[in-house]
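K.L.:
Let me begin by handing over the structure; questions about it come next.
The values are calculated or read from the model by the stated rules, or taken from the named source; none is laboratory data. Keep in mind that this is a model prediction, so the values were computed, not measured. Cβ: placed from backbone, ideal geometry, glycine included. Neighbour counts: every protein chain shown.
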Amino acid sequence: MGIDAGMFSMKTAKDFYQKLQKDFERLREKPGDPHICFDFFVTAEHLPEWHCGALLGIRPNSSTEAELEDLKKEAGKLRRSHPCLKMCSHLANNAKHFVATTKRHDSVESTTTMNIVSLDLGTGTARTPQTAFSIICGQDDAQALNLRDGQAISVIELGRRILDFWQDRLFPSQPE
């Protein structure tokens, strides 16, 4: 008897998207926590397999080598189709594999830490400064993402854009 695909009750792309939403809420609360960043970006990195697997009709525990090759190709195409997914893949693989050495991982130039201060709208006073991570991306990706701040994007903004991508992909709006 083998292990079931997925993780306990998470067995579809939509299940993993719900996990990603919860990870994002944690990320918004603590944008400078590397454990939360890891959880978010690694989960997002694997959504293409779950999504493409469903589109191709591949069952995780009963797939052939040829089906798995097709799945790998389709998930790779999807990752390369959007700058946010390319950056996510670079970050996740760098985190999982000590360093992302594959040539396709060229979208992140560096990461940095910044301090952010928000205002309490009720009192108008500044809250305690919070550490947050930021990603410096390549110029082409920065232009494709229409970044306002040069080539930098915060993990919160990148996370929001990744969630938006998957929301549109997994839950397309119905025509009126």
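K.L.:
Within the bounds of segment 100-107, is there any residue that is over 16 Å from PRO34 (Cα atoms), part of a strand (DSSP E or B) and either touching an Asp or Glu at 6+ places or on another chain (Cβ under 8 Å) or modelled with pLDDT of 70 or more (or both)?
P.N.:
No.
K.L.:
Output the residues belonging to segment 6-55 that are touching a helix residue (DSSP H, G or I) at 6+ places or on another chain (Cβ under 6 Å), farther than 30 Å from ASN115 by Cα and among the charged types (D, E, K, R).
P.N.:
LYS14, GLU49 - these are the residues of segment 6-55 that are touching a helix residue (DSSP H, G or I) at 6+ places or on another chain (Cβ under 6 Å), farther than 30 Å from ASN115 by Cα and among the charged types (D, E, K, R).
K.L.:
Does segment 123-131 contain any residue that is within 17 Å of PHE40 (Cβ to Cβ) and at pLDDT 80 or above? Reasoning before the result, please.
P.N.:
Restricting attention to segment 123-131, the residues satisfying the condition of being within 17 Å of PHE40 (Cβ to Cβ) are 130-131.
Within this subset, residues satisfying the condition of being at pLDDT 80 or above are 131.
Within segment 123-131 (the criterion being within 17 Å of PHE40 (Cβ to Cβ) and at pLDDT 80 or above), the answer is yes, since at least one residue qualifies.
K.L.:
Within the group CYS37, CYS52, which residue is surrounded by 15 or more Cβ atoms within 10 Å (Cβ to Cβ), of a type in the set (A, V, I, L, M, F, W, C), part of a helix (DSSP H, G or I) and touching a Pro at 6+ places or on another chain (Cβ under 9 Å)?
P.N.:
Working: CYS52 fails: touching a Pro at 6+ places or on another chain (Cβ under 9 Å).
Within the list CYS37, CYS52, the selection yields CYS37.
K.L.:
Just a yes or no: is a residue in segment 161-169 within 21 Å of HIS51 (Cβ to Cβ) and either polar (S, T, N, Q) or part of a strand (DSSP E or B) (or both)?
P.N.:
Of all residues in segment 161-169, those within 21 Å of HIS51 (Cβ to Cβ) come to 161-169.
Retained after the next criterion (residues that are either polar (S, T, N, Q) or part of a strand (DSSP E or B) (or both)): 167.
Among the residues of segment 161-169, at least one is within 21 Å of HIS51 (Cβ to Cβ) and either polar (S, T, N, Q) or part of a strand (DSSP E or B) (or both), which makes the answer yes.
K.L.:
Check segment 63-70 and report whether any residue there is part of a helix (DSSP H, G or I), surrounded by fewer than 21 Cβ atoms within 10 Å (Cβ to Cβ), free of Cβ contacts under 8 Å to residues at least 24 places away in the same chain and touching a helix residue (DSSP H, G or I) at 6+ places or on another chain (Cβ under 9 Å). Before you say what the answer is, go through the steps one by one.
P.N.:
In the first step, residues of segment 63-70 are kept if they are part of a helix (DSSP H, G or I); the result is 65-70.
Add one more test, that the residue is surrounded by fewer than 21 Cβ atoms within 10 Å (Cβ to Cβ), and what stays is 65-70.
If we keep only those that are free of Cβ contacts under 8 Å to residues at least 24 places away in the same chain too, we end up with 65-70.
Keeping just the survivors that are touching a helix residue (DSSP H, G or I) at 6+ places or on another chain (Cβ under 9 Å) gives 67, 70.
Yes, segment 63-70 contains a residue that is part of a helix (DSSP H, G or I), surrounded by fewer than 21 Cβ atoms within 10 Å (Cβ to Cβ), free of Cβ contacts under 8 Å to residues at least 24 places away in the same chain and touching a helix residue (DSSP H, G or I) at 6+ places or on another chain (Cβ under 9 Å).
K.L.:
When both residues are 6+ apart or on different chains and their Cβ atoms are under 9 Å apart, which pairs have a first residue that lies in segment 7-22 and is farther than 15 Å from CYS52 by Cβ and modelled with pLDDT of 85 or more, and a second that is hydroxyl-bearing (Ser, Thr, Tyr) and part of a helix (DSSP H, G or I)?
P.N.:
LYS19/THR43; LEU20/THR43
K.L.:
Does segment 54-79 hold any residues that are over 13 Å from the mean Cα position of the chain (by Cα) and under 30 Å from ALA152 (Cβ atoms), and which are they?
P.N.:
Taking segment 54-79 as the starting set, the residues that turn out to be over 13 Å from the mean Cα position of the chain (by Cα) are 54-77.
ALA75, GLY76, LYS77 - these are the residues of segment 54-79 that are over 13 Å from the mean Cα position of the chain (by Cα) and under 30 Å from ALA152 (Cβ atoms).
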